[in-house]
1. Write out, first by first residue and then by second, each pair whose Cβ atoms fall under 6 Å of each other, whose residues are 6+ apart or on separate chains, and whose first residue, in region B:93-108, is among the basic types (Lys, Arg) while the second is part of a helix (DSSP H, G or I) and surrounded by 15 or more Cβ atoms within 10 Å (Cβ to Cβ).
2. Has region A:107-115 got at least one residue that is among the aromatic types (Phe, Trp, Tyr) and part of a helix (DSSP H, G or I)?
3. Take A:GLU188 and tell me if it is within 14 Å of chain B (Cβ to nearest Cβ) and outside any helix (DSSP H, G or I).
4. Restricting to region A:121-136, and then to whatever is of a type outside the set (Ser, Thr, Tyr) and within 11 Å of chain B (Cβ to nearest Cβ), can you tell me which residue is most open to solvent (accessible area, probe 1.4 Å)?
5. Is at least one residue of region A:106-120 among the small types (Gly, Ala, Ser), touching a residue at least 24 places away in the same chain (Cβ under 8 Å) and within 14 Å of another protein chain (Cβ to nearest Cβ)?
6. Among the residues of region B:57-67, write down those that are open to solvent by 20 Å² or more (accessible area, probe 1.4 Å), at pLDDT below 85 and farther than 14 Å from B:ASN38 by Cβ.
7. Can you name the number of the only condition in (1) away from chain B (no Cβ under 14 Å); (2) modelled with pLDDT of 90 or more that A:ARG180 fails?
8. If you go through region B:109-143, how many residues are β-branched (Val, Ile, Thr) and either farther than 30 Å from A:MET105 by Cβ or touching a residue at least 60 places away in the same chain (Cβ under 8 Å) (or both)?
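The values are calculated or read from the model by the stated rules, or taken from the named source; none is laboratory data. Treat the numbers as computed from the prediction; the structure is a model and nothing was measured. Positions of Cβ are backbone-derived with ideal geometry, glycine not excepted, and every protein chain shown enters the neighbour counts. Just the protein is used for accessible areas: all its heavy atoms, side chains included, with ligands, DNA and RNA removed. Shrake-Rupley method; radii C 1.70, N 1.55, O 1.52, S 1.80 Å.
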Amino acid sequence: MIGHDQFFNYEENRKKVREMDELTPRQINLLVAFPIFIVIAIILGILILRRDPHYKANQFFALAFWLNGIALLFNLLYLFSQDTFLISVLNKASIGSINMGLIIMLFGILTLYKGENWVKETKTLYWFITLLVILLTVQNFLPIDVNIPEYTPEWSLQFGLFQILFGQSLFITLLYFSIRLYRELSAEIKRRFRRFVLGTIFINLTTSSVTIQNMQIIENYEPIAAVLNLGAFIAIILIYFGIVRR
Amino acid sequence: MELGIIKDGVPLVSKQYYNVNKIKNSAVLRAGFLSGLNAFVEHTFSEEIEAFQMRNFTIMLLTRAIQNPNATKIIFYCIGDKELDLNIVKKVITKVLDEFVKKYGHLEQLSGDLSKYLEFQRSMDKILGDLIRSPDDRARSVF
């Protein structure tokens, strides 16, 4: 025979176990969309390199896709972890990889627009890389917390604002040079390039949504974030069709 | 985009890589005009033309004196669109010119049989890299 108090403790514990077994929208979303993104990102990088492994633009684009894939892989690695240190380190590594991917993609666009001599013959690139390394290092030292009991990253205001300014500045620069390059392209390439640009817009949408979610500035944002996170999936499909299908 | 090397108004080497804005007339006429223009500016202003721009085109010239028995001057020209990055082009075509002088600078007669320079076009292509490709051609390697 079990007593009244023992029964309610038993029921409460069962409820807790059930809650732990249930996946949150974020977890379901990440488990479905992100593995597909990672696989397609790896394939895209390989296919681009197979076309011309020695051309700088191809190297930049392949690396950019792989960095985006790695960023999402980091997300998956800490998805079920309850180790706060591991979560904060992998979360920082993830956003760092996203930013690096964006930078490398910008180099790829600039190589197509200005030619690879821009990389070999000017010092601008080295100054640009030095500046970005400094900025990424600064970001790495900004604090982030881990929300308990959900074990999700919780960014400080400084970290979030830095990411918004840094990420959006990079994205606007990428968009600016993409538009300038677009004007130089023939109709056939324009059609494929449009899908690529649309894909990068969706990637930015997802990154922005992750920033809002991690800053926890909007209440009950998780269902919205779950939908917006699908932007990564749409993005990679658009980029795939822009680059692979001929 | 068109690149070439001129001596006394004659194109020793000339190659058109892509023609977006439809350059008309032959390379011989263009070489004669650029050579004449450069000589006029040199005579009038005591300096050489580096580059000049039109609505759709940018033309860059690089002059080099060759220390052969005839002490001749050669001009390297590059005709590109208005987006041509002069700093990059100058660095790259300086390399082409250096290579040309290294290969043919010792010749007493640079003009005459021009077929001897055909082989140089390959070296020129290699040094210029993807500068000889339009942004559209470059994008085709990825998209």
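1. Close Cβ pairs (under 6 Å, with a partner that is part of a helix (DSSP H, G or I) and surrounded by 15 or more Cβ atoms within 10 Å (Cβ to Cβ)) amount to B:LYS95/B:ILE127.
2. There is at least one residue in region A:107-115 that is among the aromatic types (Phe, Trp, Tyr) and part of a helix (DSSP H, G or I).
3. no
4. Per the stated criteria, the residue is A:LYS123.
5. Within region A:106-120 (the criterion being among the small types (Gly, Ala, Ser), touching a residue at least 24 places away in the same chain (Cβ under 8 Å) and within 14 Å of another protein chain (Cβ to nearest Cβ)), the answer is yes, since at least one residue qualifies.
6. The answer is B:GLN67, and nothing else.
7. Going through (1) away from chain B (no Cβ under 14 Å); (2) modelled with pLDDT of 90 or more one by one, A:ARG180 breaks only (1).
8. 1
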